[in-house]
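Working notes for the structure below.
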Amino acid sequence: MTYAWKLEAEAGLDGIPVYTDESTVEKLSKDFYWYSPVLDKKLKDKKADAIIAPRSESEVEAALVFACRHRLPLTVRGAGTGNYGQAIPLEGGIVLDLSGLDRIIEIGAGYARVQCGVKLGALEKKAREEGQELRIYPSTYAKATVGGFVCGGSGGVGSIAWGNLWDGNVLGAVVYTMEERPRRLEIEGTDLFDYIHNYGTTGIMTEVVLPLAPRRDWMQTVIEFDDFESALRFGEALARDGSVPKRLVTPIEWPLPSFFLPLRKVLMPNKSVVFAETDGSSLPQLERLAAEFGGGVGHVIPPEMYRKSIGLSDFTWNHTTLWALKADPAHTYLQAGFAPDRYLEQLRTLKGVFGDELLMHFEWVLGGGQLLPNALPVVRFTTEERLYEIIGTCRSIGVEIYDPHTWLLDNGGRGAVPGMRLRKKLNDPLGLLNPGKIG
Ligand SMILES: Cc1cc2nc3c(=O)[nH]c(=O)nc-3n(C[C@H](O)[C@H](O)[C@H](O)COP(=O)(O)OP(=O)(O)OC[C@H]3O[C@@H](n4cnc5c(N)ncnc54)[C@H](O)[C@@H]3O)c2cc1C
């Protein structure tokens, strides 16, 4: 069916690009939801009626006015690398592609002010040229946008030192409301909690201020162990060692490393590993610590090769799932928070019950000031019932699961915060922003 509003949009929205052809609409209506076989089944037929791709704040405003006038659902898209169908329109309408707002506005001492569509990789490169770097970024940094990370992500490389998005890693944002006369809000401080990880439901972020850290020369190291528990205990010791500056400490259970095809030549068979990004001068400390836990340093990528070859972070965080999926599409994953004081005991219980149905890799993260053993277990998927049985067992022994098999806003495991629901009513009174995502 061709709607009158669609004809009006196709006729031209003051020169703002509008796409209604099947292949563009299909492509820009989808994200990486298919990592979940549960979401794959439920979301594969969902798509927008049209894509609007503004290139400036004023074009964003014009698109919002248009959508509001016609009462059209509107779902924002950055790069579409989210895993939970966050950027998939459940009720059709418009996908607002903000990748064209890609200007780095200003880099100052300790901060960057950027438009929301700037890619994190481009920002990291520019900041490093100027002696600074991002504090945290997802392993998808090459493609992912700043707005998409702030509104749909949680943490990543750097979170071991700086925490997640909620830990002071967003300094400010410009947000537009979804009203016939959209308001332009400048948000700072604790008010940001109504917008971080909001899936674009409480407002549209056009500009973001991110904090920057002083640039370091990072060395990437593979540390090898005969068993996964030793890798984990080494990982904890390294995570807690304040004398080694670090960006990444990822213990990975064998056979997951066997899926990392580009690293095949440099990884030893049958070894669990820790992938680390630490200060370029820290090799002697890593060697000493590895020996204490019965392991040894294997492959090393020196600082001068940083970003000049495939990086170790391309195999960490949710990239591990990607390599597992490439090896066997029957894999999927979970997001888990283990208890810092008994994570080894919890791990033993889960491995005892599930064996290789769950393959483990951990990410040490500084959440709310405490070092936390988070994990993204790779799951050999059979049925949805079995998946939720595994989730149930995890929860029953105190392992928190932030369910990645739902599109409902989970807020990094916090649920939609009450402030967010109120903010949605105030900023989106017609309920048009990404409908169906706040449960
Ligand atoms: C292999 C792989 C690895 C990953 N690793 C990580 C990781 O390490 N850490 C992590 O946190 N995530 C990770 N992710 C998830 C995702 O890549 C990141 O969260 C990424 O930052 C999302 O950015 P994006 O531009 O692709 O956002 P999108 O997917 O386009 O959008 C994400 C959500 O934000 C909303 N949104 C986007 N832009 C705006 C805006 N300007 N205003 C309001 N709402 C907006 C969208 O509607 C959507 O709900 C991974 C995903 C994959 C596939």
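The values are calculated or read from the model by the stated rules, or taken from the named source; none is laboratory data. Small disclaimer: the values here were computed from a predicted structure and weren't measured. As a convention, Cβ positions derive from the backbone with ideal geometry for all residues, glycine included, and neighbour counts pool all protein chains shown.
The residue of the range 170-208 that is surrounded by the fewest Cβ atoms within 10 Å (Cβ to Cβ), among those that are more than 11 Å from the ligand (Cβ to nearest atom) and under 16 Å from residue 120 (Cβ atoms), is 171.
State whether the residues of the range 146-160 include one that is within 12 Å of the ligand (Cβ to nearest atom), modelled with pLDDT of 95 or more, in the same structural domain as residue 186 (by TED's automatic domain parsing) and in a strand (DSSP E or B). Yes. Filtering the range 90-108 to residues that are more than 27 Å from residue 212 (Cα to Cα) and near the ligand (Cβ under 9 Å from one of its atoms) leaves 95, 96. Tallying residues that are outside any loop (DSSP other than H, G, I, E, B) and either assigned by TED's automatic domain parsing to the domain that holds residue 59 or under 17 Å from residue 145 (Cβ atoms) (or both) within the range 192-208 yields 5. Restricting attention to the range 62-77 and to residues that are within 15 Å of the ligand (Cβ to nearest atom) and not aliphatic (A, V, I, L, M), the residue that is surrounded by the fewest Cβ atoms within 10 Å (Cβ to Cβ) turns out to be 73.
Of the residues making up the range 99-145, just one is in a loop (DSSP other than H, G, I, E, B), over 24 Å from residue 315 (Cα atoms) and of a type in the set (Lys, Arg), namely 103. Tell me, please, whether a residue that is crowded, with 17+ Cβ neighbours inside 10 Å, over 11 Å from residue 88 (Cβ atoms) and modelled with pLDDT of 95 or more can be found in the range 37-47. Yes. Quick check on my filter: what residues within the range 302-323 are within 16 Å of residue 280 (Cβ to Cβ) and either without any contact (Cβ under 8 Å) to a residue 24 or more places away in the chain or surrounded by fewer than 20 Cβ atoms within 10 Å (Cβ to Cβ) (or both)? Across the range 302-323, the qualifying residues are 302, 303, 304, 305, 306, 307, 308, 309. Of the helices (runs of 4 or more DSSP H) contained entirely in the range 279-397, those carrying at least 3 residues that are in the same structural domain as residue 224 (by TED's automatic domain parsing), away from the ligand (no atom under 16 Å from the Cβ) and over 19 Å from residue 249 (Cβ atoms) fall at 343-354, 384-396.
Just to be sure, is residue 187 touching a residue at least 12 places away in the same chain (Cβ under 8 Å) and touching a Phe, Trp or Tyr at 6+ places or on another chain (Cβ under 8 Å)? For residue 187, the condition - touching a residue at least 12 places away in the same chain (Cβ under 8 Å) and touching a Phe, Trp or Tyr at 6+ places or on another chain (Cβ under 8 Å) - is met.
Looking across 124, 133, one residue alone is within 14 Å of the ligand (Cβ to nearest atom), over 18 Å from residue 204 (Cα atoms) and touching a Leu at 6+ places or on another chain (Cβ under 8 Å). It is 124.
Scan the range 239-264 for residues that are touching a strand residue (DSSP E or B) at 6+ places or on another chain (Cβ under 7 Å) and assigned to a helix (DSSP H, G or I) and the total you get is 4.
Would it be correct to say that residue 275 is within 16 Å of the ligand (Cβ to nearest atom) and more than 30 Å from residue 115 (Cα to Cα)? Considered against the rule, which asks whether it is within 16 Å of the ligand (Cβ to nearest atom) and more than 30 Å from residue 115 (Cα to Cα), residue 275 comes out as yes.
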